[in-house]
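Chemist: Okay, handing you the structure first.
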2 protein chains.
Amino acid sequence: MKNLLTDIPEILTAEVFQTIIENKGVKIERITSLGQVTPEGEWYDQAENEWVVLLKGGARLMFEDGREQHLEAGDHAWLPSGCKHRVSWTDPQQPTLWLAVHWPNGE
Amino acid sequence: MKNLLTDIPEILTAEVFQTIIENKGVKIERITSLGQVTPEGEWYDQAENEWVVLLKGGARLMFEDGREQHLEAGDHAWLPSGCKHRVSWTDPQQPTLWLAVHWPNGE
(Lines give C-alpha, C1' and ligand atoms only; values in the text may rest on other atoms or scores of the structure.)
Protein backbone atom coordinates (compact mmCIF):
# COMPACT_ATOMS: atom_id res chain seq x y z
CA MET A 1 0.00 0.00 0.00
CA LYS A 2 1.76 3.09 -1.20
CA ASN A 3 -0.61 5.65 0.25
CA LEU A 4 -2.64 5.15 3.41
CA LEU A 5 -5.32 7.69 2.47
CA THR A 6 -6.04 6.85 -1.14
CA ASP A 7 -5.40 3.11 -1.60
CA ILE A 8 -8.73 2.11 -0.08
CA PRO A 9 -10.07 -1.45 -0.37
CA GLU A 10 -13.05 -1.72 -2.70
CA ILE A 11 -14.85 -4.52 -0.88
CA LEU A 12 -15.78 -3.56 2.67
CA THR A 13 -18.41 -6.12 3.63
CA ALA A 14 -16.06 -6.87 6.52
CA GLU A 15 -13.35 -4.75 8.10
CA VAL A 16 -10.04 -4.96 6.25
CA PHE A 17 -6.82 -5.25 8.28
CA GLN A 18 -3.61 -4.49 6.37
CA THR A 19 -0.21 -4.80 8.01
CA ILE A 20 2.09 -1.99 6.96
CA ILE A 21 5.10 -3.10 8.95
CA GLU A 22 5.87 -5.74 11.55
CA ASN A 23 9.29 -5.56 13.16
CA LYS A 24 10.81 -6.31 16.57
CA GLY A 25 7.41 -6.90 18.18
CA VAL A 26 5.88 -3.70 16.83
CA LYS A 27 3.05 -3.95 14.34
CA ILE A 28 1.63 -1.01 12.41
CA GLU A 29 -1.56 -1.69 10.52
CA ARG A 30 -4.29 0.13 8.71
CA ILE A 31 -7.86 -0.88 9.40
CA THR A 32 -10.67 0.08 7.05
CA SER A 33 -14.22 0.02 8.43
CA LEU A 34 -17.55 0.77 6.81
CA GLY A 35 -20.26 0.67 9.46
CA GLN A 36 -18.83 -2.36 11.28
CA VAL A 37 -18.82 -2.43 15.08
CA THR A 38 -17.61 -4.87 17.71
CA PRO A 39 -20.43 -7.38 18.25
CA GLU A 40 -22.73 -6.42 21.14
CA GLY A 41 -21.39 -7.64 24.46
CA GLU A 42 -17.92 -8.37 23.09
CA TRP A 43 -14.78 -6.48 24.09
CA TYR A 44 -11.25 -6.18 22.88
CA ASP A 45 -9.10 -7.18 25.86
CA GLN A 46 -5.53 -7.21 24.60
CA ALA A 47 -2.25 -8.16 26.23
CA GLU A 48 -0.46 -5.72 23.94
CA ASN A 49 -0.47 -1.95 24.01
CA GLU A 50 -2.23 -0.15 21.20
CA TRP A 51 -2.42 3.42 19.99
CA VAL A 52 -4.80 4.41 17.23
CA VAL A 53 -5.40 7.51 15.17
CA LEU A 54 -8.25 8.05 12.76
CA LEU A 55 -7.01 9.06 9.32
CA LYS A 56 -10.43 9.48 7.73
CA GLY A 57 -14.11 8.96 8.51
CA GLY A 58 -15.74 8.69 11.91
CA ALA A 59 -15.87 6.17 14.74
CA ARG A 60 -16.71 5.77 18.38
CA LEU A 61 -14.91 3.76 21.03
CA MET A 62 -16.63 2.58 24.20
CA PHE A 63 -14.74 1.70 27.35
CA GLU A 64 -15.66 -0.66 30.17
CA ASP A 65 -16.55 2.21 32.52
CA GLY A 66 -19.13 3.46 30.02
CA ARG A 67 -17.01 6.29 28.74
CA GLU A 68 -17.28 6.89 25.01
CA GLN A 69 -14.80 8.61 22.72
CA HIS A 70 -15.89 9.97 19.38
CA LEU A 71 -13.15 10.05 16.77
CA GLU A 72 -12.80 12.07 13.59
CA ALA A 73 -9.78 12.45 11.33
CA GLY A 74 -6.75 13.31 13.47
CA ASP A 75 -8.27 12.15 16.77
CA HIS A 76 -6.31 9.49 18.59
CA ALA A 77 -6.79 7.06 21.46
CA TRP A 78 -4.49 5.20 23.82
CA LEU A 79 -5.49 1.61 24.48
CA PRO A 80 -2.97 0.21 26.94
CA SER A 81 -2.69 -3.48 27.71
CA GLY A 82 -5.83 -4.67 29.50
CA CYS A 83 -7.91 -1.61 28.62
CA LYS A 84 -11.17 -3.23 27.57
CA HIS A 85 -12.81 -1.41 24.71
CA ARG A 86 -15.15 -1.92 21.83
CA VAL A 87 -15.90 -0.07 18.64
CA SER A 88 -19.48 1.06 19.14
CA TRP A 89 -19.90 2.92 15.85
CA THR A 90 -18.20 3.52 12.53
CA ASP A 91 -19.55 5.73 9.80
CA PRO A 92 -21.76 3.66 7.47
CA GLN A 93 -21.62 6.29 4.70
CA GLN A 94 -17.89 6.42 4.01
CA PRO A 95 -14.83 4.28 4.67
CA THR A 96 -13.17 4.96 8.00
CA LEU A 97 -9.39 4.55 8.06
CA TRP A 98 -7.61 3.75 11.32
CA LEU A 99 -3.90 3.64 11.81
CA ALA A 100 -3.08 1.30 14.70
CA VAL A 101 0.28 0.74 16.38
CA HIS A 102 0.65 -2.37 18.60
CA TRP A 103 3.56 -3.22 20.85
CA PRO A 104 4.27 -5.66 23.66
CA ASN A 105 3.71 -4.72 27.26
CA GLY A 106 6.13 -7.13 28.85
CA GLU A 107 9.72 -6.87 29.86
CA MET B 1 -2.78 17.54 21.67
CA LYS B 2 -6.29 16.34 21.10
CA ASN B 3 -6.24 16.29 17.31
CA LEU B 4 -3.15 15.62 15.22
CA LEU B 5 -4.47 17.43 12.14
CA THR B 6 -5.91 20.61 13.58
CA ASP B 7 -3.88 21.47 16.70
CA ILE B 8 -1.00 22.94 14.72
CA PRO B 9 1.74 24.99 16.42
CA GLU B 10 1.58 28.70 15.58
CA ILE B 11 5.29 29.41 15.68
CA LEU B 12 7.23 27.35 13.15
CA THR B 13 10.55 29.15 12.89
CA ALA B 14 12.01 25.76 13.84
CA GLU B 15 10.55 22.28 13.53
CA VAL B 16 8.27 21.35 16.43
CA PHE B 17 8.54 17.86 17.93
CA GLN B 18 5.62 16.78 20.12
CA THR B 19 5.59 13.44 21.88
CA ILE B 20 2.16 11.85 21.81
CA ILE B 21 3.03 8.73 23.74
CA GLU B 22 6.18 7.15 25.09
CA ASN B 23 5.79 3.66 26.52
CA LYS B 24 7.90 0.48 26.77
CA GLY B 25 10.56 1.83 24.45
CA VAL B 26 8.11 2.96 21.78
CA LYS B 27 7.78 6.66 21.07
CA ILE B 28 5.11 8.17 18.87
CA GLU B 29 5.56 11.81 17.99
CA ARG B 30 4.23 14.43 15.67
CA ILE B 31 6.67 16.64 13.87
CA THR B 32 5.60 19.91 12.29
CA SER B 33 7.84 21.39 9.58
CA LEU B 34 7.56 24.57 7.54
CA GLY B 35 10.29 24.62 4.96
CA GLN B 36 12.98 23.21 7.27
CA VAL B 37 15.41 20.61 5.95
CA THR B 38 18.28 18.63 7.42
CA PRO B 39 21.37 20.83 7.14
CA GLU B 40 23.41 20.18 3.99
CA GLY B 41 25.84 17.30 4.48
CA GLU B 42 24.16 16.07 7.68
CA TRP B 43 22.33 12.76 7.98
CA TYR B 44 20.05 11.10 10.45
CA ASP B 45 21.80 7.87 11.42
CA GLN B 46 19.69 6.31 14.14
CA ALA B 47 20.12 3.21 16.27
CA GLU B 48 16.35 2.93 16.56
CA ASN B 49 13.84 1.88 13.95
CA GLU B 50 11.49 4.53 12.62
CA TRP B 51 8.40 4.56 10.50
CA VAL B 52 6.86 7.82 9.34
CA VAL B 53 3.68 8.82 7.57
CA LEU B 54 2.87 12.27 6.28
CA LEU B 55 -0.46 13.52 7.61
CA LYS B 56 -0.47 16.82 5.74
CA GLY B 57 1.76 18.93 3.50
CA GLY B 58 4.69 17.77 1.42
CA ALA B 59 8.23 16.59 2.04
CA ARG B 60 11.12 14.76 0.46
CA LEU B 61 13.49 12.26 2.01
CA MET B 62 16.94 11.56 0.59
CA PHE B 63 18.83 8.36 1.23
CA GLU B 64 22.57 7.67 1.25
CA ASP B 65 22.44 5.92 -2.13
CA GLY B 66 20.97 9.06 -3.71
CA ARG B 67 17.42 7.74 -3.85
CA GLU B 68 14.76 10.34 -3.07
CA GLN B 69 11.22 9.76 -1.85
CA HIS B 70 8.59 12.44 -2.25
CA LEU B 71 5.87 12.33 0.38
CA GLU B 72 2.37 13.74 0.35
CA ALA B 73 -0.44 13.14 2.82
CA GLY B 74 -0.83 9.40 3.36
CA ASP B 75 2.61 8.47 2.01
CA HIS B 76 4.84 6.57 4.40
CA ALA B 77 8.49 5.57 4.73
CA TRP B 78 10.39 2.87 6.59
CA LEU B 79 13.60 4.04 8.18
CA PRO B 80 15.15 1.01 9.84
CA SER B 81 18.05 1.25 12.25
CA GLY B 82 21.16 2.49 10.45
CA CYS B 83 19.30 3.71 7.35
CA LYS B 84 20.97 7.07 6.80
CA HIS B 85 18.54 9.67 5.56
CA ARG B 86 17.95 13.37 5.47
CA VAL B 87 14.95 15.57 4.89
CA SER B 88 15.85 17.36 1.67
CA TRP B 89 12.67 19.41 1.31
CA THR B 90 9.52 20.36 3.19
CA ASP B 91 6.81 22.58 1.81
CA PRO B 92 7.58 26.23 2.68
CA GLN B 93 3.98 27.33 1.98
CA GLN B 94 2.07 25.23 4.49
CA PRO B 95 2.80 23.27 7.66
CA THR B 96 3.81 19.67 7.02
CA LEU B 97 2.72 17.17 9.66
CA TRP B 98 4.64 13.95 10.16
CA LEU B 99 3.64 11.10 12.40
CA ALA B 100 6.74 9.20 13.48
CA VAL B 101 6.93 5.91 15.37
CA HIS B 102 10.28 4.96 16.91
CA TRP B 103 11.20 1.67 18.51
CA PRO B 104 14.36 -0.10 19.62
CA ASN B 105 16.22 -2.45 17.33
CA GLY B 106 17.74 -4.54 20.12
CA GLU B 107 16.40 -7.51 22.00
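The values are calculated or read from the model by the stated rules, or taken from the named source; none is laboratory data. Bear in mind the structure is a predicted one, so any value in this text is a computation, not a measurement. Backbone-built Cβ (ideal geometry, glycine too); neighbour counts: all protein chains shown. Just the protein is used for accessible areas: all its heavy atoms, side chains included, with ligands, DNA and RNA removed. Shrake-Rupley method; radii C 1.70, N 1.55, O 1.52, S 1.80 Å.
Chemist: What does the charge dipole of segment A:1-65 about its Cα centre add up to, to the nearest 20 debye, if the Cβ of each Lys and Arg holds +1 and the Cβ of each Asp and Glu holds -1?
Modeler: Numbers: 6 positive and 12 negative charges, 94 e Å.
Value, rounded to 20: 460 debye.
Chemist: What's the magnitude of the charge dipole for the protein assembly as shown around its Cα centre, counting Lys and Arg as +1 and Asp and Glu as -1 at the beta-carbon? Answer in Debye, nearest 20.
Modeler: Roughly 160 debye for the protein assembly as shown.
Chemist: Another one. Tell me the label-point distance for the pair B:N3, B:R60, using the 7 Å Cα-to-Cβ offset, in nm and rounded to one decimal.
Modeler: 3.2
Chemist: Compute the signed sum of charges (Lys and Arg +1, Asp and Glu -1) over the other residues within less than 10 Å, Cβ to Cβ, of A:S81.
Modeler: Residues near A:S81 contribute -2 overall.
Chemist: Quantify, in whole percent, the carbon and sulfur part of the accessible surface of chain A (1.4 Å probe; protein heavy atoms only).
Modeler: That fraction is 49 percent.
Chemist: Right, here's the next one. Taking each label point as 7 Å beyond Cα in the direction of the beta carbon, state the distances from B:G41 to the same residue in the other copies, shortest first, in nm.
Modeler: So the distances to the same position in the other copies read 7.0 nm.
Chemist: Same structure, new question: Keeping all protein chains in position, work out how much accessible area A:S88 exposes to a 1.4 Å probe, and write it in Å² to the nearest 10.
Modeler: 30
Chemist: For each pair in A:K27/A:K56; B:K24/B:K56; A:K2/B:K56, compute the distance between the two Cα atoms and list the pairs where it is over 22 Å.
Modeler: Violating the 22 Å Cα-Cα cut-off are B:K24/B:K56.
Chemist: Taking DSSP loops as anything outside H, G, I, E and B, show the longest stretch in chain B free of trypsin sites (Lys or Arg not before Pro) there with at most 14 other beta carbons within 10 Å.
Modeler: B:3-66
Chemist: Keeping all protein chains in place, calculate the accessible area per residue for the protein assembly as shown (probe 1.4 angstrom), answer in Å². Could the numbers behind the result be given before it?
Modeler: Numbers: 10520 Å² over 214 residues.
It amounts to 49 Å² per residue over the protein assembly as shown.
Chemist: Another question, then. Sticking to Cα atoms, compute the Rg of the protein assembly as shown to one decimal and its Dmax as the biggest Cα-Cα distance, whole number, in Å.
Modeler: Rg then Dmax for the protein assembly as shown, in Å: 17.5, 57.
Chemist: What is the sum of charges, Lys and Arg at +1 and Asp and Glu at -1, for the other residues whose Cβ falls under 14 Å from the Cβ of A:V37?
Modeler: -3
Chemist: D for segment A:20-103, whole µm²/s, Stokes-Einstein with Kirkwood Rh over alpha-carbon pairs at 20 °C and 1.002 mPa s: what number? The partial results should precede the final answer.
Modeler: Values: Rh = 13.0 Å.
Stokes-Einstein gives a translational diffusion coefficient of 165 µm²/s.
Chemist: I'd like the residues of segment B:1-19 whose 1.4 Å-probe accessible area shrinks by no less than 30 Å² going from the isolated chain to the full set of protein chains.
Modeler: B:K2, B:N3, B:L4, B:L5
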